[in-house]
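A.B. asks: Quick one: structure below, then a few questions.
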Amino acid sequence: MNYKEKFEASEHRAHYKNIATKILRDMEDLRAMVEHSPTASRRWVWELIQNAKDVHPEHGTHILIDHSPNSGSPYLKFLHNGRPFTADNIRFLIEQISTKDRKKGEIGRSGTTGKFGTGFLATHLLSEKVTVSGVAKEPELEYQSFKMELDRSGYELEEITDAVERAKIAVNHLDESTPLSNYDPNAFNTEFHYNLDDALSLKVAKTGIDDLLNCLHYTFVFVPEIKSVQIPSLNRTYLRHGPKESLSANLTLQSIMVQGDGQVYSLVTLQNGLTTIAVPVIRRKESFELVPIEDSIPRLFCDFPLVGTEVLELPMIINNPNFNPTNARDGVALTQTQRHNKQIEENQAIILEAIELYYELLEYSIANNWGNLHLLAHIRHFSSVPSWVDNSWYMDNVLRPIRNRLLKEPIVTNASQDLVSILNQDGQKYVWFPASGKKEIRSKIWELANQWFPYCLPRESDIELWNKLTWDECGKLDVTQFAKFIENKGTLEEMQSVLLQINAHDWLNSFYELIKTEERHYDSIINNYAIFPNQNGDLCKKEHLYLDNGDIDEKLKDILNLLDSDIRSELLDSLVMADFDSSAALGLEYAVREITTEVQQKTVDRELAKDYRNAFRQLLLWFNENPERAKNLFPALYRTKHLLYDEEEIMENITKAEQLSELLEEYNVENINQLRELIASNE
């Protein structure tokens with residue numbers, strides 16, 4: 001063997017060693033993540049569908065997934081009607097070389113999504129051995145059927161190298177085989193067969209199928225080359241349902257039918273260039289109703305779902321075939337770098353373009369009175385920021401701009417069934433969303449607020465939805481904020497004027513019961529806010545009020561008021577059922593002491609006493625009506641009650657008495673009652 005031959009042999013060995021090294025390294029990574037990664041088990045089905053799409057015939061791709069988990073020998077077969085394999089395709093499949101072509105065509109769209117590279121290797125999570133059956137065709141050669149096994153079960157380089165060699169040997173003799181004379185381009189000519197040999201394989205298969213059912217209708221919308229997907233084990237076939245329907249210059253309605261269960265998925269899409277957004281809807285007569293996007297659905301598609309991007313809690317699905325995914329295809333780089341990075345900038349530009357489409361959708365849906373507009377506000381912070389996103393960039397360019405736009409758009413259906421905006425035209429909080437850590441408390445807050453300002457509340461059925469969606473700039477109606485609203489009313493009369501068909505006392509009593517359930521806020525509210533009415537109807541803080549023992553005559557309270565000592569201002573309204581310390585109560589003893597003190601102070605100065613003539617008169621009347629009680633309660637005042645009269649009042653009373661006597665004598669009657677009867681008989 002000469003040097004040239006030795007160099008060629010060395011190159012051959014190095015080539016196979018490189019192939020085996022890469023396959024082994026990737027398989028080790030897959031084995032390490034399969035039981036712990038939340039996305040690894042979901043990828044295989046999309047890799048197979050991508051490969052089928054990349055070889056679609058002119059009339060489109062049809063796919064059949066034969067999943068038999070309960071048979072004696074469980075398996076999964078993936079079949080499609082794609083174009084035959086070329087020699088390069090077969091070699092790349094054996095050697096696990098990607099055919100991905102990111103070079104953009106005339107319309108700026110990337111080439112094939114990519115097949116037979118690391119992505120395809122992910123299908124070996126189903127089984128480390130897969131049998132591939134297909135048809136080979138080169139332009140100048142006949143159609144030839146082939147079958148080979150791709151074995152990635154080895155743990156040593158030699159084992160992987162031998163497996164690669166065996167696969168090559170299986171197709172080395174195609175030229176000597178009998179040509180395929182009855183090739184049918186519409187048949188399922190390509191098949192990948194995976195034996196599901198253990199519990200983990202069965203679990204991976206089920207996880208992928210479940211993910212397929214979640215996302216397949218979106219894939220149909222974004223990838224027109226796919227015409228049908230059959231899953232016989234579930235009695236389901238996904239098909240396009242009717243032609244696209246144009247709703248406006250840029251809005252399109254597309255529907256996907258699931259034969260077998262009769263379900264129809266309807267999606268509205270907006271497109272600008274290669275960027276498309278989609279939202280699920282239901283048609284309601286002449287309008288549409290938005291449908292929630294399931295939390296498990298990825299928010300970014302590169303024609304196919306980028307499994308893992310469900311961490312982006314966006315109100316729409318974004319698709320662009322030119323996204324630059326991470327190696328694991330679980331996201332797209334949206335980070336910030338000090339150096340120019342074309343792929344990151346392209347990803348960011350696509351996201352910003354999608355946001356503009358979202359604004360267009362927002363305007364259209366509001367103008368056309370779509371239902372469930374609140375779903376367009378379904379955007380939140382990351383619970384855990386993924387490594388492929390710069391949180392500052394996301395906050396500044398995605399989350400805050402969308403939320404700021406939403407604040408003044410009429411997207412909230414209020415309790416009066418009108419559409420209103422979160423903020424009013426002056427930028428002040430208008431809608432108040434019940435807020436508490438407990439669902440039952442949020443419901444009670446809404447119930448009480450609905451009896452006051454229903455026009456500023458979300459409708460009852462949306463309480464929990466908005467509880468998840470609100471952010472700092474939204475009005476959050478917790479029990480503390482509610483207490484502030486009550487305090488601002490100032491009086492019971494003002495409270496009654498705004499309450500709808502409910503007594504203010506009953507409403508307040510319900511509020512006091514409510515705040516008891518919020519233990520961590522209870523003390524702060526009852527001690528810091530003027531929410532308790534006194535007996536004059538003024539709302540006061542708890543520290544300024546006492547319980548009423550109930551034994552104080554109302555006339556005595558009136559007298560104290562006339563004496564400038566308004567006891568009602570210190571007493572809790574008797575119709576209020578609030579928790580006050582019973583030891584902090586005022587009763588008759590206190591009222592008597594106050595009256596006695598006030599009268600004694602004010603009768604010392606006869607000039608000052610004139611200002612309280614009415615109070616003294618009312619006290620004298622009470623003495624007259626209750627002589628025995630007066631003697632017992634006010635012994636000192638009763639003995640000196642003459643001091644309660646002033647000289648002018650005495651002279652006035654003497655004059656009136658003389659005039660009355662003369663009048664009785666003139667009409668020849670004995671008392672005032674006879675005089676009244678006489679006057680009445682002459683009317």
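The values are calculated or read from the model by the stated rules, or taken from the named source; none is laboratory data. This is a predicted model, so every value here is computed, not measured. As a convention, Cβ positions derive from the backbone with ideal geometry for all residues, glycine included, and neighbour counts pool all protein chains shown. For the accessible areas, the whole protein counts, side chains as well, though only heavy atoms, and no ligand, DNA or RNA atoms are used. Shrake-Rupley method; radii C 1.70, N 1.55, O 1.52, S 1.80 Å.
A.B. asks: Suppose R0 equals 45 Å. What FRET efficiency, 1/(1 + (r/R0)^6) with r the Cβ-Cβ distance, do Ala636 and Asn671 give to the nearest 0.05?
C.D. replies: 0.85
A.B. asks: By how many degrees, 0 to 90 and rounded to 10, does the Cα axis of helix 157-171 deviate from the longest principal axis of the chain?
C.D. replies: Helix 157-171 sits at roughly 60 degrees to that axis.
A.B. asks: Against the empirical 2.2 N^0.38 Å scaling, what ratio does the C-alpha Rg of the chain come to?
C.D. replies: For the chain, the normalised Cα radius of gyration is 1.63.
A.B. asks: Under a plain spin-label model, where a point goes 7 Å from the Cα along Cα-to-Cβ, how far apart in nm are Glu513 and Val264?
C.D. replies: About 4.8 nm, to one decimal.
A.B. asks: Skip the ligands, DNA and RNA, and give the accessible area per residue of the range 306-448 with a 1.4 Å probe, whole Å².
C.D. replies: Solvent-accessible surface per residue comes out at 44 Å².
A.B. asks: So with the 1.4 Å probe, I'd like the accessible area per residue for the range 505-587, rounded to whole Å².
C.D. replies: 47
A.B. asks: Ordering Met257, Met577, Met148 from largest to smallest accessible area (1.4 angstrom probe), what's the sequence?
C.D. replies: Largest accessible area first, the list is Met577, Met257, Met148.
A.B. asks: On a 0 to 90 degree scale, rounded to 10, what angle separates helix 672-681 from the longest Cα axis of the chain?
C.D. replies: Once rounded, the angle reads 80 degrees.
A.B. asks: Still on this structure, I have one more. Leaving out ligands, DNA and RNA, what percent of the accessible area of the chain is carbon and sulfur, probe 1.4 Å?
C.D. replies: 47
A.B. asks: From the helices alone, meaning DSSP H stretches of at least four residues, give me the mean residue ellipticity at 222 nm for the chain, per-run term -39500 (n - 2.57), in deg cm²/dmol to the nearest 500.
C.D. replies: -13000 deg cm²/dmol
A.B. asks: Quick one: what are the phi-derived ³J(HN,Hα) couplings along the range 441-449, Karplus 6.51/-1.76/1.60 with θ = phi - 60°, whole Hz, x for glycine and proline?
C.D. replies: 6, 4, 5, 5, 4, 4, 4, 5, 5
A.B. asks: Working from Cα positions, state the angle (0 to 90°, nearest 10) between the long axis of helix 40-54 and the longest principal axis of the chain.
C.D. replies: 60
A.B. asks: Sorted by mean Cβ packing within 10 Å, highest first, what order do the peptides 311-322, 456-467 take?
C.D. replies: Taking the mean over residues of other Cβ atoms within 10 Å, the ranking is 311-322, 456-467.
A.B. asks: First measure r as the distance between the Cβ atoms of His381 and Tyr183, then evaluate 1/(1 + (r/R0)^6) with R0 = 60 Å and state the FRET efficiency to the nearest 0.05.
C.D. replies: Result of the calculation: an efficiency of 0.60.
A.B. asks: Something else now. Output the direction-averaged projected area (hull surface divided by four) of the convex hull of the alpha-carbon atoms of the range 579-683, in nm².
C.D. replies: Averaged projected area of the range 579-683's Cα convex hull equals 11.2 nm².
A.B. asks: First select every other residue whose beta carbon is under 11 angstrom from the beta carbon of Asn624; then total the charges, Lys and Arg +1, Asp and Glu -1.
C.D. replies: +1
A.B. asks: Evaluate the relative contact order of the range 111-199 (contact order divided by residue number), counting alpha-carbon pairs under 8 angstrom at least 6 apart; express in whole percent.
C.D. replies: Worked out over the range 111-199, it gives 36 percent.
A.B. asks: Of Lys129/Lys227; Lys489/Lys542; Lys439/Lys516, which ones are farther than 19 Å apart at the Cα?
C.D. replies: Violating the 19 Å Cα-Cα cut-off are Lys129/Lys227.
A.B. asks: Follow-up question, since we're still on this one. Which value in Å does the Kirkwood hydrodynamic radius of the range 355-450 take, with 1/r averaged over all unlike C-alpha pairs and then inverted?
C.D. replies: For the range 355-450, the Kirkwood estimate is 15.3 Å.
A.B. asks: Within the set of other residues whose C-beta is less than 12 Å from the C-beta of Val291, count the net charge using Lys and Arg as +1 and Asp and Glu as -1.
C.D. replies: That sum, taken over residues with Cβ under 12 Å, equals 0.
A.B. asks: Just tell me which lysines come within less than 19 Å, Cα to Cα, of Lys17; anything on the same chain fewer than 8 places away is out.
C.D. replies: The qualifying lysines are Lys6, Lys168.
A.B. asks: Note down the relative contact order for the chain as a percent, whole number, built from C-alpha pairs under 8 angstrom at least six residues apart.
C.D. replies: 7 percent.
A.B. asks: If the cut-off is 26 Å between C-alpha atoms, which lysines fall inside it for Lys408, apart from same-chain ones fewer than 8 positions away?
C.D. replies: Partners found: Lys429, Lys468, Lys476, Lys484.
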